[in-house]
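Coordinate-derived values only; no laboratory data. From a predicted model like this one, the values you see are computed outputs, not experimental measurements. Cβ placement follows ideal geometry from the backbone for every residue including glycine, while neighbour counts extend to all protein chains displayed.
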Amino acid sequence: MKTASLLFATAAILALPACATMGTGQGASANTTLLGADGTSHGVAKVTQTTSGLKVTVAATGLTPGVHAVHVHTTGTCTAPAFTSAGGHWNPMGKQHGMENPMGSHMGDMPNMTVNADGRGTLEYTIAGGALSDGTTPLFDADGAAVVVHALPDDNKSDPAGKAGDRLACGVLTLG
């Protein structure tokens, strides 16, 4: 009986590192509901680990038609009404802002999303080299991460935020 218990305990200890990283490899994902300042749902966002990086998919609803910036922000907190609690754009490499900035870009910078007359918009983009929780620049650190939809389009070059305007909707990403 002691031998069986010892073998079980040894197997459990050896399995700990695998359990600690389970759910963060290729195919693992993080999800959120995008909420407006009044608590209304404005769609969902999903971040999936792929071999190329982090695939971000956004399906927005109930937004003003037009072009809106969408970014991954560095802090997993969305305090209404301004959502400034989500911090700045995810920028683990210390770059400047903007996909067209020769000194950029933040890892959280993404293309703009067009919202149609019915208030719906979609965005799909892969953040090259990004990882949920592994590597040297994990998205998930001690304070988490969020996805934010802004009122205006991102000009893709102005530091620090591309003149994207107010934050209309915010969602805290959760693994799972």
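At-a-glance table
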quantity: Cα centre as origin, Lys/Arg/Asp/Glu Cβ charges: segment 100-155 dipole, Debye; calculated: 120
quantity: Long-range HN-HN contacts of Val67 with modeled amide H, under 5 Å; calculated: Val115
quantity: Square roots of 5 times each gyration tensor eigenvalue, C-alpha, segment 39-176, largest first, Å; calculated: 21, 17, 14
quantity: Cβ charges +1 (Lys, Arg) and -1 (Asp, Glu), total dipole of segment 24-175, debye; calculated: 140
quantity: HN-Hα J in Hz across segment 130-143 - Karplus 6.51, -1.76, 1.60, θ = phi - 60°, x for Gly and Pro; calculated: x, 9, 5, 8, 9, x, 8, 10, x, 5, 8, 10, 4, 10
quantity: Cα→Cβ-extended label distance, 7 Å offset, between Thr126 and Met93, nm; calculated: 1.6
quantity: Karplus-derived 3J(HN,Hα), 6.51/-1.76/1.60, for each residue of segment 102-110, Hz, glycine and proline x; calculated: x, 9, x, 10, 5, 5, x, 6, 9
quantity: Approximate spin-label separation Asp118-Asp134, in nm, with each point projected 7 Å along Cα-to-Cβ; calculated: 3.9
quantity: Nonlocal amide H pairs with Gln96, under 5 Å, H built at 1.01 Å; calculated: Gly104
quantity: Amide H within-cut-off set for Ala28, under 5 Å, with H built and near neighbours excluded; calculated: Gln49
quantity: Dipole axis of segment 108-176 (+1 Lys, Arg; -1 Asp, Glu on Cβ), positive-most option in Val147, Thr136, Leu175; calculated: Val147
quantity: Protection proxy ranking of 122-129, 106-113 - average other beta-carbon atoms within 10 Å, highest first; calculated: 106-113, 122-129
quantity: Label-zone membership for segment 78-98, site Asp143, 7 angstrom Cα→C-beta point, backbone N under 12 Å; calculated: 78, 84-91
